[in-house]
Amino acid sequence: NIAVGKSASETAVVGFFINGFHSSVEKFSATSITSGVSFGGASANNIAINGLVSGCSGGYETLATVGGNKIIGCVAKLCTDSGFSIAGYSDMVSHCIAFGGIGVGADGFRMTANGPLMINCTSYGNGRHGFNMGGSIGFRARFLINCVATGNAAKQFHQEHSAELAHR
């Protein structure tokens, strides 16, 4: 088990920053830091399993990555921004929970790239949307399978700049 945090006098930090290939981080916690787990722009085929991120600005993020990163069985709670922010192509988030996000920009799950896959994820009690599928300028495929959202402050499922939502 790995735990990462900071004292009140320390500056913002990232708990785990992965910017490579085929790395894994398992059974970890990150508390009161800027970002719990961040997959950098050059990362691909990495995995985060069974983690807890609590009280951070952002929980888990995949930047505009090469893709193929996986986040499985992880929890984001009380984040002031999105619990899960997925901008990597063909990234997968499975069996994850985002809850109690604080603030007007606190989506449970935010997707901004082509092809992310969300399977059996749950979002509840967040400060904005449960699942925010980003803008619809151009074609962007996003896949949600057996995902549940309830009690989020704004919409449970939201697609910006679109009159039609693809969760029918």
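Quick note: the coordinates plus some simple rules give every number you see, no bench work behind them. What you see is a predicted model, and the numbers here were worked out from it, not measured in a lab. Cβ atoms come from the backbone with ideal geometry, glycine included; neighbour counts cover every protein chain shown.
Computed quantities for the displayed model
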read-out: Net charge contributed by nearby residues that have their C-beta within less than 13 Å of residue 18 (K/R +1, D/E -1); value: -2
read-out: Packing-based order for 85-97, 146-158, using average beta carbon neighbours within 10 Å, highest first; value: 85-97, 146-158
read-out: Full-extension gain in nm, residue 143 to residue 160, via 0.36 nm per residue minus C-alpha separation; value: 4.5 nm
read-out: Residue 71 long-range amide H proximity, modeled H, under 5 Å; value: 48, 92, 93, 94
read-out: Segment 68-153 - convex hull of alpha carbons, volume per residue in Å³; value: 72 Å³
read-out: FRET efficiency estimate (nearest 0.05) - Cβ-Cβ, residue 17 to residue 114, R0 25 angstrom; value: 0.60
read-out: Between segment 53-87 and segment 93-120, the Cα center-to-center distance that results, in Å; value: 7 Å
